[in-house]
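The values are calculated or read from the model by the stated rules, or taken from the named source; none is laboratory data. Just so it is clear, the structure is predicted and the values come from calculations on it, not from any experiment. When we count neighbours, we look across all protein chains shown, and the Cβ atoms used for this are built from the backbone with ideal geometry, even at glycine.
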Amino acid sequence: MRSIALSICLAISTLCGLSYQAAAQEREVPYWASLAADEVNMRVGPSERFRIDWVYRREGLPVKVIRLQQGWRLIEEVDGTRGWVFNGLLSLERHAVVVGEGLAELRSAPSDGSELNWNVEPGVVGTLGDCKQGWCEFATDGRSGWILEARLWGAGEP
């Protein structure tokens, strides 16, 4: 009797997990995501039958999801490159990449007058926190602070 009850609980848990995954796959596009593995194949179409167009080797790289198709996502990266990635290789954890010319200032508070913590080069990827008043919390390589939202690709509305 105990094993039957345990089996029923396990089945219910599995069904709840599947319905959560199905709901997550029905997100409204576009939305921000990030690469969830240190090697991700981008394909020319939404299936393993399509050839690999690019191999990413940068876990956490932010991408914009612009289309959904049966477990595959059409993504766009910072330079506008588009291709298909298997949904299981994407995370909803928010990351951003520094863009623009020259060094970006990482400050102690969301203000031009706050203490300068660090300078960050374009191309640096980090974890994105809250954004307010044109500034975003940003953390990379053990350093954190506030950076102008305009210097980040992956912040704001997709």
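Summary table
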quantity: Some residue of the range 76-89 being within 18 Å of Trp54 (Cβ to Cβ) and outside the structural domain of Glu39 (by TED's automatic domain parsing); calculated: no
quantity: Extreme residue, nearest to the chain's Cα centre (by Cα), among residues of the range 125-147 that are surrounded by fewer than 19 Cβ atoms within 10 Å (Cβ to Cβ) and not charged (D, E, K, R); calculated: Thr127
quantity: Qualifying residue in the range 59-68 (condition: at pLDDT 95 or above, more than 14 Å from the chain's Cα centre (by Cα) and surrounded by 13 or more Cβ atoms within 10 Å (Cβ to Cβ)); calculated: yes
quantity: Check on Pro122, surrounded by 13 or more Cβ atoms within 10 Å (Cβ to Cβ), in contact (Cβ under 8 Å) with a residue 60 or more places away in the chain, within 30 Å of Val44 (Cβ to Cβ) and under 19 Å from the mean Cα position of the chain (by Cα); calculated: no
quantity: Complete set of residues in the range 13-58 that are among the hydrophobic types (A, V, I, L, M, F, W, C), surrounded by 10 or more Cβ atoms within 10 Å (Cβ to Cβ) and either at pLDDT 50 or above or touching a Phe, Trp or Tyr at 6+ places or on another chain (Cβ under 6 Å) (or both); calculated: Val29, Trp32, Ala33, Leu35, Ala36, Ala37, Val40, Met42, Val44, Phe50, Ile52, Trp54
quantity: Flag if Arg73 is surrounded by 17 or more Cβ atoms within 10 Å (Cβ to Cβ), closer than 28 Å to Gly145 by Cβ and among the basic types (Lys, Arg); calculated: no
quantity: Positions within the range 84-114 being closer than 14 Å to Asp130 by Cα and acidic (Asp, Glu), in sequence order; calculated: Glu93
quantity: Segments classed as strands (runs of 3 or more DSSP E), wholly inside the range 55-158, with at least 2 members that are over 24 Å from Asp38 (Cβ atoms); calculated: 62-69, 104-107, 116-120, 125-132, 135-140, 143-148
